[in-house]
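*Asks:* Input: one structure, supplied below.
The values are calculated or read from the model by the stated rules, or taken from the named source; none is laboratory data. What you see is a predicted model, and the numbers here were worked out from it, not measured in a lab. So basically every Cβ, Gly included, is an ideal-geometry build from the backbone, and we count neighbours across all protein chains shown.
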Amino acid sequence: MKSVLVLAATALAVSTSFAAAQDASIGAAEYMNSCAQCHGASGEGNGVIAGFLTKSPPNLTLLQKENGGVFPFSAVYNTIDGTSASGVHGTSDMPAWGARYSAKAGEQLGFDYTGADVEFFARARILALVEFISTFQE
């Protein structure tokens, strides 16, 4: 009986999250799924697990302001995909999501896909996420 209740609760949580994600853009859904826990729903660095991290997540709403009024698109993209370290000394507490998107490509693209499709899938998800982050700049 207990396992049935756990399965029912899990199904309800997943279906609720899925319905909310369908109403949002791809970038917004990716942000809420991958970033909001640390950076907060509004990007201010106050996510629910921010207090448990060794280093506070940056306030993403200040990226453009701190870059002379220009949104640092490439730097944000490279931080998300993991090609550049975001830490001051070359290390980062933030996980790189590029590999995760590549790993999820197969299940979301179906059976008939190529290596190039996986790369494009990962790039598209990251681009959508970066575009969404650019929308809440001060």
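*Asks:* What's the total number of residues in the stretch 60-72 that are more than 17 Å from the chain's Cα centre (by Cα) and crowded, with 16+ Cβ neighbours inside 10 Å?
*Replies:* Total meeting the criteria: 2.
*Asks:* Scanning for something loosely packed, with under 14 Cβ neighbours inside 10 Å, under 21 Å from Glu138 (Cα atoms) and over 13 Å from the mean Cα position of the chain (by Cα), does the stretch 48-59 turn up at least one residue?
*Replies:* Yes, the stretch 48-59 contains a residue that is loosely packed, with under 14 Cβ neighbours inside 10 Å, under 21 Å from Glu138 (Cα atoms) and over 13 Å from the mean Cα position of the chain (by Cα).
*Asks:* Here's another thing I want to ask about it. Within the stretch 66-83, is even one residue modelled with pLDDT under 90 and part of a loop (DSSP other than H, G, I, E, B)? Spell out how you get there, then give the answer.
*Replies:* Step one: filter the stretch 66-83 for residues modelled with pLDDT under 90, giving 78-83.
Filter again for part of a loop (DSSP other than H, G, I, E, B), leaving 82-83.
Yes, the stretch 66-83 contains a residue that is modelled with pLDDT under 90 and part of a loop (DSSP other than H, G, I, E, B).
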